[in-house]
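> Here it is, the structure in full.
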Amino acid sequence: MTKQEKTQVISQLAERFTENSNFYFADASGLTVGQINDFRQLCFERGVEYNVYKNTLIKKALETLDTDYSSFGDTVLKGFTGIIFSKESGNLPAKLIKEFRKAKSSEKPIFKGASIDTDLFIGNDQLDALTKLKSKFELIGDVIMLLQSPAKNVVSALQSGQNNLTGILKTLAERE
């Protein structure tokens with residue numbers, strides 16, 4: 001690869017990092033070509049993208065960004081590194097890795113690290129926590145449900161006690 005090609009890959013990769021606020025680093029070494037193809041197919045079906053890059057190119061692309069990714073350093077960007085890009089959901093790649101591991105009865109791909117809205121997660125032990133994260137849309141849905149709940153309770157109380165309320169008002173009117 002020439003220096004010009006490397007520069008082009010770095011700029012494209014930096015652009016991908018800025019476009020996708022959620023990206024995961026995974027190590028799929030040790031998987032057969034068929035298994036890696038199955039993993040890529042699963043990623044494609046779920047709307048995420050999986051690509052393998054050289055660690056030095058990834059480091060240089062991350063250095064061009066405003067966010068400090070230096071904690072990824074030598075722990076995450078070491079050995080075989082594939083990147084899973086997810087535009088919408090921060091937990092989807094984590095669920096995808098767990099699902100693939102379960103289906104293949106394997107510990108691969110190994111989760112190395114992730115950036116979810118510039119929050120960094122490092123180490124395979126973080127994968128379970130990431131699967132439990134709620135997506136942006138799930139959180140918005142939860143907030144809407146919480147906001148609707150008191151209004152629904154008032155409306156249902158008024159509707160269920162409609163006859164009682166009318167009777168109480170009649171009784172109060174007759175007393176005067």
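Here, each number is a calculation from the coordinates, and none is a lab measurement. Here the structure is a predicted model, which means the values were calculated and not measured.
> Do any of Lys3/Lys60; Lys6/Lys59; Lys87/Lys108 go past 19 Å between their Cα atoms, and which?
Beyond 19 Å between Cα atoms: Lys87/Lys108.
> Comparing Gly123, Gly47, Gly34, which has the greatest mean-square fluctuation in the GNM of the chain with Cα pairs linked when under 10 Å apart?
Maximum among the listed residues: Gly34.
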